[in-house]
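What follows draws every value from the coordinates through simple rules; no lab data is involved. As the structure is a computational prediction, the values presented were derived from the model and not from experiment. Cβ placement follows ideal geometry from the backbone for every residue including glycine, while neighbour counts extend to all protein chains displayed.
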Amino acid sequence: MIIENVSKKIEGNLVLENITLELKPGEITALIGRNGVGKTTLFSLIAGLYLADEGRVLMDGADLRKNPALKKHIFFLQDNMNYFNPYSVKSVVKIYKNVYATFDEAFFDSLMERFELPKNVKVLTFSKGRKALFFMILAFALDVRYLLLDEPMEGLDVIVKKQLLQFILETVVERHTSVLIASHRLDELEMVADRVVVLKGTKIELDYYLETLRDTALKIQVAFKTKRVPPFVKQESQLLSRDGRIFTLLITSQADEFVNKLKAEEPILYQEMAITIEDIFRVRLADDKVDYYEI
Ligand SMILES: Nc1ncnc2c1ncn2[C@@H]1O[C@H](COP(=O)(O)OP(=O)(O)OP(=O)(O)O)[C@@H](O)[C@H]1O
C-alpha cells in the first residue's frame, strides 16, 4: 500500500501535510508522535473514514477512493470500540464475518481459547484489558492484509501483553500481514516493530528501519578527563542525558569517524549501549533539550 502525498485539514487546521508512506507485507511499522500530532487522523485516512484533501491511498496501484471494495483488505482497530458493548461476542463475530470474507473463525476460536476469553458473554462484561485483548484477537482473525492498530494494548497486564506481542510477531510472519501500530509505549513497540515512522508537526520527521538504525547509529556513554567537552562532540552528536560528568550521546551518522576522534581524547569512560526508540523520540521530539552545561 502506498500513501501518496496525503494532506488533511480538520476544521480549517492543517493536521497532515504531504504524507508519503509505503506499507509492506509482513512488516510491523510503529507510528509515533506527540499527543494530537495526527496519528489517528492518518489511520482514518488510510481506512477511508476521512477523505484526504490532497493525495491518494493506493493498494496494488489502485486508488482506494475509486475502488472502495479494496477496503475489505484493511481493518482499523480504533482506540475506542465501545459501540460494541451491548453486543455478545457471538454477535460481533457474526457482524465481522458478514463484512470480512477472510475472517478465519477456527483461528479466532483457537485464540479465544489460548488467551482464555469466554465466548458466551456480552462485550461489556469484559474488563478494559480483556476487551482490548478480544478486539486484537478479532483483528488478527479477520486475516486482512493491512491492520491499523491505534493504541491497541491499553489496559493489558504485563503477562498478557508479552504473550500478545509474541503472538503478533508470529502471526505477521505466518500470514504476511502489514501492521501499522500507534502507541505511546515505546518499549512495547521496540519489541515488535521493524520500522518506525515519526510524525512531527504536520509531517513525517523520520522513517527508518530499526535494523538499519542499529547498524548505522551509536549510543555511547562517555566521560572526559577534564570538565571540557570537546567541541566536535557538541556538533556531531546529540546529547540524550547527562549524569554529572557522564554524557550519554547518540550519533546517527559517520559513527566510526566520531568514535575515532572520541577515543583520541582518551576518555575515562567509554561504553557503547543499545539504542531504543525512546532515544530517538527524545532527541527528535522532546521540547526539553538536555544541556551540555560544563561543570
Ligand atoms: N473531529 C475533530 N474535530 C476537531 N479537531 C479534530 C478532530 N479530530 C482530530 N482533531 C484534531 O486533529 C489533530 C490530530 O488529532 P489526532 O487524534 O489524529 O492525533 P493523535 O496523534 O492520534 O493524538 P493522541 O496521541 O493524543 O491520540 C488534533 O489537533 C486534534 O485536536
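Worth pointing out:
- Here is the P(r) of the range 166-295: all C-alpha pair distances, binned every 5 Å from 0, give 2, 9, 18, 20, 17, 12, 10, 6, 4, 2, 1, 0 in whole percents.
- Rg to Rh, two decimals, where the chain supplies the alpha carbon set and Rh follows Kirkwood: 1.05
- Note on 165, 70: ascending count of other Cβ atoms within 10 Å places them as 165, 70, the fewest first.
- Near-label residues of the range 208-227 by backbone N, under 19 Å of a point 7 Å along Cα→Cβ of residue 2: 208
- Note on residue 98 and residue 24: the extension gain reaches 24.0 nm, defined as 0.36 nm multiplied by sequence separation minus the Cα-Cα distance.
- Pairwise Cα inverse-distance average, inverted: Kirkwood Rh of the range 19-80 (Å): 12.8 Å
- Taking label positions 7 Å along the Cα-Cβ direction at both residue 207 and residue 227, the computed distance is 4.7 nm, reported to one decimal.
- Share of pairwise Cα-Cα distances greater than 15 Å in the range 45-88 is 50 percent (whole percent).
- Projecting the Cα atoms of 124, 59, 141 onto the dipole axis of the chain, where Lys and Arg carry +1 and Asp and Glu carry -1 at the beta carbon, places 124 farthest toward the positive end.
- Two-site FRET efficiency, residue 9 against residue 241, from Cβ-Cβ distance with R₀ of 35 Å, rounded to 0.05: 0.40
- Debye log10 I(q)/I(0) at q = 0.13, 0.17, 0.18 Å⁻¹ for the range 217-285, Cα point scatterers: -0.32, -0.55, -0.62
- From phi via Karplus (6.51, -1.76, 1.60), per-residue ³J(HN,Hα) for the range 269-281 in Hz, x at Gly/Pro: 9, 9, 9, 7, 10, 7, 7, 10, 4, 4, 4, 5, 4
- Overall form of the range 147-198 per C-alpha gyration tensor (a/c, 1.5; a/b vs b/c): oblate
- Of all segments of the chain bounded by chymotrypsin sites (Phe, Trp or Tyr not before Pro) found in a DSSP loop with no more than 14 other C-beta atoms within 10 Å, the longest spans 1-291.
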